[in-house]
Amino acid sequence: MRKRARDISEDEVALFREAVRGTTPIRPAPRVPRRGKPPPPVPVQSLLDGHDAVAESLEDPLSQEQSIETGQEPSYLRAGLGRDVLRKLRRGHWVVQDALDLHGLNREEARLSLAQFLGACLRRGLRCVRVVHGKGLRSPGKEPVLKGKVQLWLARREEVLAFCEAPANQGGSGALLILLRS
């Protein structure tokens with residue numbers, strides 16, 4: 001417990017002065033005083049995410065046929081396949097044989113998990129799988145982080161023939177049904 005200056009008796013002060021007599025005080029190190037407010041912190045992760053987004057947009061652009069349809073429901077159909085393939089996928093012609101949930105993963109973890117999952121599905125001979133990327137309800141700004149990324153990653157993979165939004169009972173706008181090559 002520290003005593004205040006007015007609580008210290010004269011005897012204690014005299015005793016202290018006797019103990020330190022003959023010593024030389026330590027001089028403070030010369031310091032330059034800070035002027036003004038410190039600079040704001042640099043948002044390093046935001047900058048890195050921006051660089052990653054630019055790099056992804058520059059690498060391997062998709063052709064017009066391969067581009068993802070713009071509209072309410074995301075879908076993709078590999079060039080050369082009939083539109084009936086996408087219609088059959090939407091209507092549940094193929095049974096979902098496995099699923100991957102990407103909730104709680106960051107972009108890099110999600111990309112790695114997706115690649116490993118698709119590789120394992122190919123080795124097991126699976127044709128139709130579901131990937132749950134989430135609706136983004138817990139993300140900043142309530143915007144989905146992985147939804148667009150997953151669609152781009154899938155469209156670039158040779159083993160993916162088609163994908164579409166899952167039915168409401170299987171995740172709706174927070175999931176995709178994916179048709180893989182046999």
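Order of 86-94, 22-30 by packing, highest average Cβ count within 10 Å first? Don't skip to the answer; put the middle values down first.
Details: 86-94: 14.9, 22-30: 5.8.
The most tightly packed comes first, giving 86-94, 22-30.
How much space per residue, in cubic angstrom, does the convex hull of the C-alpha atoms of the stretch 90-182 take up? The partial results should precede the final answer.
Details: hull volume 8.0 nm³, N = 93.
Enclosed volume per residue, from the Cα hull, is 86 Å³.
Here the simple spin-label model places points 7 Å from the Cα toward Cβ, and for SER182 and SER113 these points are separated by 3.1 nm. Which FRET efficiency value, to the nearest 0.05, is calculated for LEU47 and THR24 with the Förster distance at 45 angstrom and r the Cβ-Cβ distance? The formula returns an efficiency of 0.35 here.
With contacts taken as Cα pairs under 8 Å at a separation of at least 6 residues, the stretch 72-133 carries a relative contact order of 41 percent.
Each reported figure results from applying straightforward, stated rules to the coordinates on display, with no laboratory input. Here the structure is a predicted model, which is why all the values come from computation and not from measurement. With ideal geometry, Cβ positions are generated from the backbone for all residues, glycine too; neighbour counts draw on all protein chains shown.
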